[in-house]
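Quick one: the structure is below, questions incoming.
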Amino acid sequence: MLSDKMDQSTELTSQTEMESAVVHSVKIEEREDLVFNEKHQIFDIAPRPHVELSGHFLRSFAYFTLKHRSPMMLGEMISFLNDYEPKIMEIFGSYAHFDLKRICWSLQLLRDEVQENQEFQLFHGKAPDVEDWNRFISTLDEDRNRWFSSVWLHAECYMYRRIWAIFRRSDLLSSYDYFSQKKIDATTSVVKLMRDVIMGMRGMLRSQEKFQRMLKLSLWSNRCDLSINKQAPDAQFLKLMADYESDLLVDQSADVWRVLTEAWDPVYVDIVCDNAGFELFSDLLLAEYLIETGLALKVRFHVKAIPWFISDVTKQDFLWMLRFLRSHKTSEIAAFGRRLRRYMRDRSFVLCDTCYFWTSPHDCSQMKKRLPCLYVSLSEAALVIFKGDLNYRKLLGDINWDYTAPLIECMRGFFPTSVCALRTIKSDIYCGLPICTVEWLSEDDPQWMRTGKKGVIQVAVMHRLSGDALV
């Protein structure tokens, strides 16, 4: 009995010591954060209106991302490469072991740079975008040339470009997509849902109601994002779409329908893709519906030139998806894949040439100046659909707009044609919302804008006077 009491006393003492150690550790971390914030002029305020988002603002998702999410992602990437080394060596040979060691070391140095708020470095090598990136970095003011003081969009794009540069220096792994396995796993895990969606959307006729349903399928599939929301879509996705209506803050899908039905022939629709996996699958379904119902003659897909933001679609992802679908053992999925191959062969679907604008630090307001050929190409379309949060930030320039400001105003002159944004909200930047929306949502959940639960379908309509493209 005495022994039992002694054991209990020892357990309580041990537990108390552990709790004390945790509290002590938290206090040390808080002190370190205070010193860091004071040194790097990080202010305990929310982003001011009409300024670009950055890590300068403690109460912003930009600060949280740079302070926590980005270092965590780099750490997880190092762990993945170490764990996956046998498989990589199986594919690329035993000498890949030495390349992986150098890569992991470089990734750790990059992680240190972020955590220490070091200056941006120029790029080396002969990649097609090196000159543009170096020109951009060289023109940054001194107070915009560090991780926490730069525009958030610039910092995140720079980080993913640095990761690519690290792999580019490898002899064996220069073409390796270090995010590919995650994207493949995300796709194969939702095969049953894909089949259910194909069956549920089969034989959809041309009507405004059916079109809006397809558009919303493409919207809500944007919730699947490996960089923020790693949870797979619900198995009852189609049934739950009706419930998602209450999460749709802006629904201009009827206006998108009018853009397409009133457009001059030939009608092209461009889709600026976001995530691989279930979202890309849903985008392909939407594109098929546009072609089969005659709403569009051609659908053109824009993808990323390099591995980007973990789950963004590259050319390799797009082509892999087409092969995966048409060779699948499930007959409905295989039939869908064969239809997609037919669309690719007759050029109803077009995978656009690799373009480094989408992985540049520039927002869309600079496209006409930086890459006029892309701007002209987009102007040929009746509608350009921008998918997801990052593309939305590209449209708005990462500026903290008044949340009621119209989309067309926030695009600051970027207007090649009618522009539609399909986005589930995963960052604290938005526009075109009804009055009081942000206030009442923030009252219920101050972090609502980071969850991807709420969505918008927004459109800026170009009223064409003729069938000619307007540039």
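Distance between Cα centroids, the stretch 357-431 to the stretch 266-325: provide it in whole Å.
Each part's Cα centre sits 18 Å from the other's.
I'd like to know which of ALA263, PHE211, LEU351 lies farthest towards the positive end of the charge dipole of the stretch 180-460, counting +1 on Cβ of Lys and Arg and -1 on Cβ of Asp and Glu.
Among ALA263, PHE211, LEU351, the one farthest towards the positive end of the dipole of the stretch 180-460 is LEU351.
PHE80 label point, 7 Å along Cα→Cβ, cut-off 14 Å on backbone N: hits in the stretch 289-308?
Output list for this probe position: 307-308.
How much length is gained if the chain between MET72 and ARG206 is pulled fully straight, taking 0.36 nm per residue apart and subtracting their Cα-Cα distance, in nm to one decimal?
43.6 nm
While we're here: Using label points projected 7 Å from each Cα along Cα→Cβ, tell me how many nm separate ASP346 and GLN236, to one decimal.
Distance between the two pseudo-spin positions: 3.9 nm.
What number do you get for the stretch 390-456 when its Cα radius of gyration is normalised by 2.2 N^0.38 Å, N = residues?
It is 1.10.
Tell me, what % of the accessible area of the stretch 197-293 is carbon and sulfur with a 1.4 angstrom probe?
47
Next question, about the same structure. Assuming a viscosity of 1.002 mPa s and a temperature of 20 °C, what translational diffusion coefficient in µm² per second does Stokes-Einstein assign to the stretch 150-212, Rh being the Kirkwood radius over Cα pairs?
136
Between LEU58 and LEU34, with labels modelled 7 Å along Cα→Cβ, what's the label distance in nm to one decimal, could you check?
1.0
Assuming R0 = 30 Å, what is the FRET efficiency of GLU116 and ILE45, from their Cβ-Cβ distance, to the nearest 0.05?
0.85
Note the angle between two axes, namely the Cα long axis of helix 2-39 and the longest principal axis of the Cα atoms of the chain, as a number of degrees from 0 to 90, rounded to the nearest 10.
60
Angle, helix 152-168 long axis vs. longest principal axis of the chain, Cα atoms, 0 to 90°, nearest 10?
80
I'd like to check one number: the per residue accessible area of the stretch 180-460, probe 1.4 Å, reported in Å² as a whole number.
So the stretch 180-460 comes to 38 Å² accessible per residue, rounded to a whole number.
Would you work out the relative contact order for the chain, in percent, from Cα pairs under 8 angstrom that are 6 or more residues apart?
Worked out over the chain, it gives 16 percent.
Measuring from label point to label point, each 7 Å out along Cα→Cβ, what is the ASP247 to GLN316 span in nm?
Each label point lies 7 Å from its Cα, and together they span 3.1 nm.
Apply 1/(1 + (r/R0)^6) to the Cβ-Cβ distance of ARG339 and GLU409, taking R0 = 45 Å, and write down the FRET efficiency to the nearest 0.05.
Rounded to the nearest 0.05, the efficiency is 0.65.
Return P(r) of the chain (all Cα-Cα pairs; 10 Å bins starting at 0; whole %; ordered from short to long distances).
4, 18, 28, 26, 15, 5, 2, 1, 0, 0
Nothing charged except the Cβ atoms of Lys and Arg (+1) and of Asp and Glu (-1): what's the magnitude of the dipole of the chain about its Cα centre? Round to the nearest 20 debye.
Dipole about the Cα centre, nearest 20: 2140 debye.
Please work out the average accessible area per residue across the stretch 51-168, using the 1.4 Å probe convention, and give it in Å².
That works out to 46 Å² for each residue.
Of the chain, which part is the longest with no trypsin sites (Lys or Arg not before Pro) in a loop (DSSP not H, G, I, E, B) and with at most 11 other C-beta atoms within 10 angstrom?
The longest such stretch corresponds to 203-328.
Hey, another quick one. Order THR451, THR293, THR65 by their accessible area, 1.4 angstrom probe, all chains in place, largest first.
Ranking THR451, THR293, THR65 by accessible area, largest first, yields THR451, THR293, THR65.
For the stretch 168-191, list residues with backbone N below 20 Å from a point placed 7 Å from the Cα of TYR95 toward its Cβ?
Only 168-177 pass the distance filter.
A further question on this structure: When the convex hull of the Cα atoms of the stretch 208-266 is projected onto a plane and the area is averaged over all directions, what value comes out in nm²?
5.4
How many percent of Cα pairs in the stretch 180-460 exceed 27 Å?
Every Cα pair in the stretch 180-460 considered, those over 27 Å come to 35 percent.
Mind checking which of ALA405, ALA334, THR314 is farthest towards the positive end of the chain's charge dipole, using Cβ charges of +1 (Lys, Arg) and -1 (Asp, Glu) about the Cα centre?
Farthest towards the positive pole: ALA334.
With contacts defined as alpha carbon pairs under 8 Å and 6 or more residues apart, what's the relative contact order of the stretch 180-460 in percent?
Answer for the stretch 180-460 is 23 percent.
Per-residue ellipticity at 222 nm for the chain, helices alone: DSSP H runs ≥ 4 residues times -39500 (n - 2.57), over residue total, nearest 500 deg cm²/dmol?
About -15500 deg cm²/dmol.
Between ARG144 and THR261, how high is the FRET efficiency from 1/(1 + (r/R0)^6) when r is the Cβ-Cβ distance and R₀ = 45 Å? Nearest 0.05.
Efficiency at R0 = 45 Å is approximately 0.50.
The values are calculated or read from the model by the stated rules, or taken from the named source; none is laboratory data. Please read all numbers here as calculations on a predicted model, not as lab measurements. Backbone-built Cβ (ideal geometry, glycine too); neighbour counts: all protein chains shown. Areas reflect the complete protein model, heavy atoms only, side chains present, ligands, DNA and RNA absent. Shrake-Rupley method; radii C 1.70, N 1.55, O 1.52, S 1.80 Å.
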